[in-house]
C-alpha cells in the first residue's frame, strides 16, 4: 500500500476558528491541529471545543488530520486525550515523548494511531524503542525544544542537531514509521527554508513541519520527486526489465550499474509521484 504524501505538515492553533476554516483550502498534506504550544493557558478548554466543532464539520479532504495534545503530565493532557478520543481525526500527537511508557499511557486513553514528538535528549536516546511501539505511526522532530535542552547554538547547517535527527530517522526507518523534520522559524526566509528542506529530504525525512502557510509551496516541492528523478526511475525500470528478459541480472543507465535494489527505489519514486498527483488533484 502506497504511503499517503506527508511533504508538508502545517501547525494550526486549535483555538483559532478562522485559521481552522482557512486550513480547509490550504495545499498541505498534513494538518497538525495544535492544543499545546499555540494555545494560551486560559484558552485550553475553549480550544478543545472549538477544534472538535470544526473537525465535525469536515471539509479537510484527503489531508491527514493529527491533533497535538498537551503532555500527559501537564494539567491539560488527560482532558485533551479524552476530548481527542471523540474527535473526527486520524491520529494524536504526543509531545515530550521520552520512552515507550509515555506511548503506553496515551494508548490507554485513545484508540487512535499515535505520533511522537521527538524533542528531548532522553526521547532521542530511546528513539528505537519508541518507534518499535505498535501504536506509533509517526515521528515529528521538535527541533526547537531539542536545541534548547541540548544548549546548542543556532547555525544554518544544523550541525549540532544532525546526530539527533539521524538517530530518530534511523529508528523510524528500522520500524516503518513516518518521520517529519522540524520547523524552520524564519517564515519569511524562503532561501533558508528551501535549503533546510533540501537538507531534510537528502537525509531521508518524509516531509517538514511548518509554522506558516507561506512555507507550503517550498516544502511540497522539496519533498516531491523531481521531473529528473521520475524520468530516471522510468528509464531504470525499463532497462532492468530488458536486462532480465535477456537473462542478465544488472542493467546500465547513464553509465551506472542498475541492480534490483535500485528498482525498488525507482518504483517507490513513481508510487510517491502518483500519490502526490492524486493529492494535488483533490
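Laid out as a table, the results:
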| read-out | value |
| --- | --- |
| Relative contact order (%) - the stretch 113-201, alpha-carbon pairs under 8 angstrom, separation at least six | 32 |
| For the stretch 227-280: rounded, prolate or oblate by the Cα gyration tensor [a/c cutoff 1.5] | prolate |
| Hydrodynamic radius of the stretch 144-282 per Kirkwood, over alpha carbon pairs, in Å | 17.2 |
| Tensor-based shape of the stretch 70-133 (alpha-carbon gyration tensor, a/c under 1.5 rounded, otherwise prolate or oblate) | prolate |
| Relative contact order (%) - criterion: Cα under 8 Å, at least six apart; region: the chain | 17 |
| Prolate/oblate/rounded call for the stretch 1-126, Cα gyration tensor, a/c under 1.5 rounded | oblate |
| Principal axis dimensions, the stretch 153-213 - Cα atoms, whole angstrom, descending | 35, 26, 16 |
| Most mobile of 157, 220, 126 in a GNM of the chain (Cα contacts under 10 Å) | 157 |
| Packing-based ranking, highest mean first, of 186-197, 62-73, 11-22 given that Cβ atoms within 10 Å are counted | 62-73, 11-22, 186-197 |
| Alpha carbon Rg of the stretch 8-222, scaled by the compact-globule rule 2.2 N^0.38 Å | 0.95 |
| Antiparallel DSSP beta bridges within the chain, as percent of all bridges there, nearest 5 | 10 |
| Of 107, 245, 222, the one that fluctuates the most in a GNM where the chain has Cα springs shorter than 10 Å | 245 |
| Part-to-part distance (alpha-carbon centres) for the stretch 147-173 and the stretch 44-94, which is given in Å | 28 |
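Every read-out reported here was derived from the displayed coordinates using simple, explicitly stated rules and does not represent laboratory data. Source: prediction; values computed, not measured. Positions of Cβ are backbone-derived with ideal geometry, glycine not excepted, and every protein chain shown enters the neighbour counts.
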